[in-house]
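For reference, the structure discussed in these notes is given below.
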Amino acid sequence: MLEYPANHQEIVEQFLNGRFILHDDKLFDEVKTNENFYISFFKRSFGYQFEVTADFAYVISDESNENLSRDISVFFAILCYELDKNGKNFLEELEYGYFEYSQIDDLFANSSYTDLIATNNKLKDSSARKNLFNEMNRRNIIAKESDDTFTITPAYKVFIDFAKELATNKIKGESTSN
Amino acid sequence: MRAEPRTILRFLLENFESLRDLYEIQLSDGIVKKEILKTICGNIQSQLLEYKILRTIDDDFEFHSVYQNLIEFIISEFKPLLPETIEKYNSSISKLYQKIVEGIDGDTQILKLRVTELGTEIKAFFELVERNTIGLLKETRVIKANVEKIEYREKIIRASRWIEEYIVPLNRILDVNHSESVANKLHAIGQFVNTKRLSFADEQLRLQFEQLYHLIISINDGLLKQSKIITTELLPLIDRIRTESMILTGWIEFLDNPEKYATPALLRPVRDFAYSDNIFLNTKEFFEQFTKEDAVYLDDERAEKDKWIFNKKFYKNKLQSDLPVNDFFVWCAQTLAEEYKTIELAKFFELVGLVFEKDIDPQFTGEVELQEIKTDKSTIRFPKITINKHA
């Protein structure tokens, strides 16, 4: 009979619910140890791609939740931009910072990306953003620390890598067109 | 003959991409060369002139300002204007205001026109400021993103130029504390209009002042926001461009048009696992919501229970055919029992009513002993009555 890793059912459940399993999660070691098994398991069982880094693991599929991903990307983009505008090192803030919901409200209220925020249903106001935070919390992209504060988990790196790649492609495109 | 407005709008819609390209060219070159127009829009050149979208400048072309503004507005590609262009509103707004104050007791017709014009000028001023801030934000974000990878020194030169030539003067125009600023003038005009909207004798003019007052209030709010953007984001540009980050470059590009890029794939959660205990029922339930069921009609419960209608003729005939009847009440009970198995009290009393029919002749036998009849609800005791013949 085929041997499954310990906590297999729980691990699969987490991934299929779109969650990131983070390095400090008790399931992470199991996942990391059985990386090859899970690559093959998700590929053969569901046709999903399994990704694991030093900080987190998650699965992705062709049938992606694009709207959510775009909303989260816009959130991180504005957050980074506004933190930088306020003279902060945004990477340090993402990595180590505690965020208060009211602080995020202030940053978004004073952002010059007014139109973009106003037309985004997940970001347009404080209560809409609360819903987005709940979804991000469910997926372990942020961690609620209290009713007023949250931290950002290493899963943010997926979005930061996206921004880096976009910049690289843009710069490449610019230099080839020159 | 002038073309139908709908025809022009449809033309703009169908050829928008080409028009956008032409607009970009005019923005960078200041003009659209005839060779370029031929390459991009050769097939629609005649309509572009016929609909007055383009006009000729010697052998070349340029957009009519109305269409240029329209495209600029639709794609939010505002080119920052030199403050002198905005500053002109300082003069027009001040003059109109001065004339209104001087002629407040004069001809009401001309006063009405001036108040209307003042509102128009204030709106135009605000729109220009708003467009300019958007344009400046775009330009300064380009420097911050630095996709072109220009040297730090060059970045500082460009940023300084924006700050000195555009941002600082714009800030001066919006500085409410500066006595010569437009924002300060608007503040004074707001106070004047506020008194007139409450006290002016002519009702129509009072209403006009009222409208102007609310316009100024909302525009002052808008100007305050613009001023905030200038002080927090545009004036500190030099400081902001000291640091550079690939991540911010990416984000600035992304925020320019978030729909343009494919963002990181996130799994859409599945409904249930294939091996879950609930999968059968969940799947059934899921699919059942799409199956079309026949309409179900629910009748009132009482309607379902017998609304028994006593067929007097039928039972009377039966009674007459059964004559002579030795014991009428027992006959009633038996008749119901044969037909319905149980003897319902209501039916029983209906049937008993036959005894009062004119052509029925009941006879009391004189027997003292009563007999019991059990119905569905009770047990009833009756004397013995016989019916021998027709009355």
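The values are calculated or read from the model by the stated rules, or taken from the named source; none is laboratory data. Quantities reported herein were computed from a predicted structural model and do not represent experimental measurements. As a convention, Cβ positions derive from the backbone with ideal geometry for all residues, glycine included, and neighbour counts pool all protein chains shown. We work out accessible area using only protein heavy atoms, side chains counted, and drop any ligands, DNA or RNA first. Shrake-Rupley method; radii C 1.70, N 1.55, O 1.52, S 1.80 Å.
A few points about this structure:
- The set of residues in the range B:358-391 being charged (D, E, K, R), touching a His at 6+ places or on another chain (Cβ under 9 Å) and assigned to a strand (DSSP E or B) consists of B:361 alone.
- Unmet requirement for residue A:76, which otherwise passes all of (1) part of a helix (DSSP H, G or I); (2) more than 29 Å from residue B:227 (Cβ to Cβ): (2)
- Filtered residues of the range B:341-391 (kept if of a type in the set (Lys, Arg) and farther than 21 Å from residue B:310 by Cβ): B:381, B:384, B:389
- Members of the range B:67-80 that are open to solvent by 50 Å² or more (accessible area, probe 1.4 Å), in a loop (DSSP other than H, G, I, E, B) and either more than 14 Å from chain A (Cβ to nearest Cβ) or under 22 Å from residue B:182 (Cβ atoms) (or both): B:79
- Candidate set: the range A:3-24, residues that are open to solvent by 60 Å² or more (accessible area, probe 1.4 Å) and among the polar types (S, T, N, Q); chosen: the one nearest to the other protein chains (Cβ to nearest Cβ): A:9
- Of the residues making up the range B:30-51, those that are surrounded by 12 or more Cβ atoms within 10 Å (Cβ to Cβ) and not basic (Lys, Arg) number 13.
- Residues of the range B:143-169 that are of a type in the set (A, V, I, L, M) and either within 14 Å of another protein chain (Cβ to nearest Cβ) or out of contact with any helix residue (DSSP H, G or I) (no Cβ under 9 Å at 6 or more places or on another chain) (or both): B:143, B:145, B:147, B:150, B:157, B:167.
- Verdict on residue B:218 being surrounded by 19 or more Cβ atoms within 10 Å (Cβ to Cβ) and under 32 Å from the mean Cα position of the chain (by Cα): no
- Here B:153, B:206, B:161 are screened, and the one residue that is open to solvent by 20 Å² or more (accessible area, probe 1.4 Å) and in contact with a Phe, Trp or Tyr (Cβ under 9 Å, 6 or more places away or on another chain) is B:206.
- Among the residues of the range A:72-97, those that are charged (D, E, K, R) and at the interface with chain B (Cβ under 9 Å from one of its Cβ atoms) comprise A:84, A:85.
- Flag for residue B:253 being open to solvent by 20 Å² or more (accessible area, probe 1.4 Å) and within 7 Å of chain A (Cβ to nearest Cβ): yes
- Qualifying position, being within 17 Å of residue B:102 (Cα to Cα) and surrounded by fewer than 16 Cβ atoms within 10 Å (Cβ to Cβ), among B:191, B:211: B:191
- Selection of first residues in the range A:162-173 that are modelled with pLDDT under 90 and of second residues that are crowded, with 19+ Cβ neighbours inside 10 Å, restricted to Cβ pairs under 6 Å at least 6 apart or on distinct chains, gives the following pairs, ordered by first then second residue: A:170/B:253.
- Listed by position, the helices (runs of 4 or more DSSP H) inside the range B:259-357 whose residues that are modelled with pLDDT of 85 or more and open to solvent by less than 50 Å² (accessible area, probe 1.4 Å) number at least 2 are B:312-322, B:328-340, B:345-352.
- Neighbours by Cβ (under 6 Å, 6+ apart or cross-chain): first from the range A:34-52, of a type in the set (Val, Ile, Thr); second in a helix (DSSP H, G or I): A:52/A:35
- Candidates in the range A:134-150 are the residues that are free of Cβ contacts under 8 Å to residues at least 60 places away in the same chain and more than 15 Å from residue A:75 (Cβ to Cβ); of these, the one that is most open to solvent (accessible area, probe 1.4 Å) is A:147.
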